[in-house]
Amino acid sequence: MYMSDDNKPIGWWLKEVDRLLEESFERVLADDGLTRRQWQALNASAGQETIAKALSPFLSGAEEVAAVTGPLVERGWLDGETLTADGERGLRALTGKVQAQRRRVTAGVSDSEYLATIDVLRRMAANLA
């Protein structure tokens, strides 16, 4: 594939988008005293996967998972892998903020463009696996 001097390769864009996503979600969640990983842990606790499985692309090992979930347990939002009533309320409130941020991230991107991008990245990942 041809790349001109003003067209950075996909690896550069992946790293840049990842960095910007991390920073933007950290800012969105900071007012609530949470990190992005803690948001992901709360969200995972409401799903079918364990928190460790859901966060495995980002965290390795029980100690890292505990460092993320420990403050949520102390806050009374998690009891092990289970959301408490306070955790459910917190998750509902945070979900609106996260959804709004996701809309900002994808502004100007059509549904078909987004789906095509995900499809391309999925195939590229499979090629590298």
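Things to note:
- Scan of segment 82-129 for residues that are more than 18 Å from the chain's Cα centre (by Cα) and β-branched (Val, Ile, Thr), ordered by number: THR82, THR84, VAL109, VAL120
- Whether a residue is without any contact (Cβ under 8 Å) to a residue 24 or more places away in the chain, of a type in the set (Gly, Ala, Ser) and not in a loop (DSSP other than H, G, I, E, B) was assessed, and GLY70 passes this test.
- Answer from LEU115, LEU55 - the residue that is touching a residue at least 12 places away in the same chain (Cβ under 8 Å) and either in contact with a Lys or Arg (Cβ under 7 Å, 6 or more places away or on another chain) or not aromatic (Phe, Trp, Tyr) (or both): LEU55
- Candidate set: segment 85-99, residues that are hydrophobic (A, V, I, L, M, F, W, C) and open to solvent by 30 Å² or more (accessible area, probe 1.4 Å); chosen: the one modelled with the highest pLDDT: ALA85
- Scanning segment 30-84 for residues that are of a type in the set (Asp, Glu) and more than 25 Å from ARG19 (Cα to Cα), we see that the one that is surrounded by the fewest Cβ atoms within 10 Å (Cβ to Cβ) is GLU74.
- Summed over segment 1-29, residues that are open to solvent by less than 40 Å² (accessible area, probe 1.4 Å) and hydroxyl-bearing (Ser, Thr, Tyr) total 2.
- Residues in segment 96-112 that are over 26 Å from LEU42 (Cα atoms) and in contact with a Ser or Thr (Cβ under 9 Å, 6 or more places away or on another chain): VAL109 alone.
- Qualifying position, being among the hydroxyl-bearing types (Ser, Thr, Tyr) and either in a helix (DSSP H, G or I) or under 13 Å from the mean Cα position of the chain (by Cα) (or both), among SER24, SER60: SER24
- In segment 96-112, the residues that are within 19 Å of ARG37 (Cβ to Cβ) and either without any contact (Cβ under 8 Å) to a residue 24 or more places away in the chain or aromatic (Phe, Trp, Tyr) (or both): GLN99, ARG102
The values are calculated or read from the model by the stated rules, or taken from the named source; none is laboratory data. None of these values were measured; they are calculated from a predicted model. Every residue, glycine among them, receives a Cβ derived from its backbone with ideal geometry; neighbour counts consider all protein chains shown. Each accessible area value is taken on the protein alone, full model and side chains, heavy atoms only, with ligands, DNA and RNA left out. Shrake-Rupley method; radii C 1.70, N 1.55, O 1.52, S 1.80 Å.
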